[in-house]
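Structure first, commentary second.
The values are calculated or read from the model by the stated rules, or taken from the named source; none is laboratory data. Just so it is clear, the model here is predicted, and its values are computed rather than measured. Cβ placement follows ideal geometry from the backbone for every residue including glycine, while neighbour counts extend to all protein chains displayed.
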Amino acid sequence: MDFVEGEIIGFDKPYRWTSFDVVGKARWLLCHKLGIKKIKVGHSGTLDPLATGVVVVCTGKKTKLIDQLQAHVKEYTATLQLGATTPSFDLEKPIDQTYPTAHITREQIDNVIPTFLGEQWQIPPAFSAVKVDGKRAYELARKGQEVELKPKLLTIDEIEVLRFDAETMQLDIRVVCSKGTYIRALARDIGQRLDSGAHLIALRRTRVGDIHIEDCITFEQFETIISNL
C-alpha cells in the first residue's frame, strides 16, 4: 500500500469521535510511522460524533476522489426513542419535551415508515454542519441563537423496520439514502408522523457506496498495517 501516492481507507469510527478526529489520527499515524512531515488526508462525508461506523478516508492523490465518494448512497441502522424530543434530535442535548405514545402500534409504524420512501424535502437539524451566513448552524445553535434552515431535497431508497419494542417505545430502522440525509431529522419526522415525538439514541453507518462496515478497519488494525510496511 502506498499511502503517500494515494489510498482509500474505510474506518469504523469510534463513538464520540468527530470525522475530523479520524482524519487527524490517520494523518498523525502516517507521518509518525512513515517518517514523513506531511501528507494529504481527507474524509468523504461527515458522521456525527455520537454515531459510529463507516468513514471513508483518502490519502495522497486519492483525495481528488472525495467529491465523487461523497455523492455515493449511504446506509444506516438507527434506534429511535419514541415519545420524547431533544433540541439536537439525538443524545447531545437533554430531552426538552415528552409526548403521548399509548396510541402507537406496530401496525401504525408499518403504515408510516413506507411513506418516507422516495424523494423527500427535509429540514436539516439546527445542530448540524449546514452553513448559515458563513457559519456552521451548530455553532449558532450552541450559543442559543435561533437557526432557520431551508428544506433540502433528498432521496430515501430503502427504509425498513428492524425491531419495535412496545414497552420501551424504541424503534430500530435501516435506511439507504442519498447524500445530505440527516437520520436525526428523519427521526424527528417519523415521530411527528406518528403523532408523537422521537429522537435518536443510536446510529451506525453501515455502508458508503461499495464500502461496507465489514470492509472497515479500526485504528489498532491501521497502526499494525502501516507498522508492517
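Taking strands (runs of 3 or more DSSP E) as the structural unit, those lying wholly within region 115-221 and holding at least 3 residues that are farther than 21 Å from L91 by Cα correspond to 118-122, 152-165.
Scanning region 50-104 for residues that are among the aromatic types (F, W, Y) and on the phi > 0 side of the Ramachandran plot yields a total of 1. Inside region 90-109, residues that are β-branched (V, I, T) and either part of a strand (DSSP E or B) or not assigned by TED's automatic domain parsing to the domain that holds F164 (or both) make up a count of 1. In region 71-93, is there at least one residue being hydrophobic (A, V, I, L, M, F, W, C), surrounded by 22 or more Cβ atoms within 10 Å (Cβ to Cβ), under 16 Å from I183 (Cβ atoms) and out of contact with any Gly (no Cβ under 8 Å at 6 or more places or on another chain)? Yes. If the condition is being hydrophobic (A, V, I, L, M, F, W, C), within 28 Å of V208 (Cα to Cα) and at pLDDT 95 or above, then region 134-180 contributes L153, L154, I156, I159, V161, L162, F164, L171, I173, V175, V176, C177. Looking across region 40-68 at every residue that is touching a residue at least 60 places away in the same chain (Cβ under 8 Å) and either assigned by TED's automatic domain parsing to the domain that holds A198 or assigned to a loop (DSSP other than H, G, I, E, B) (or both), the one that is surrounded by the fewest Cβ atoms within 10 Å (Cβ to Cβ) is identified as T46.
Of the residues that sit in region 185-206 and are among the basic types (K, R) and surrounded by 21 or more Cβ atoms within 10 Å (Cβ to Cβ), which one is nearest to the chain's Cα centre (by Cα)? For region 185-206, the residue satisfying everything is R205. Among residues of region 27-39 being aliphatic (A, V, I, L, M) and assigned to a helix (DSSP H, G or I), the one that is surrounded by the fewest Cβ atoms within 10 Å (Cβ to Cβ) is L34.
Among the criteria (1) assigned by TED's automatic domain parsing to the domain that holds P14; (2) exposed (fewer than 13 other Cβ atoms within 10 Å of the Cβ), the one E223 does not fulfil is (2).
Taking each residue of region 207-229 that is farther than 18 Å from D21 by Cβ and looking for partners that are among the hydroxyl-bearing types (S, T, Y) and part of a helix (DSSP H, G or I) with beta-carbon atoms closer than 6 Å, six or more apart or interchain, yields nothing.
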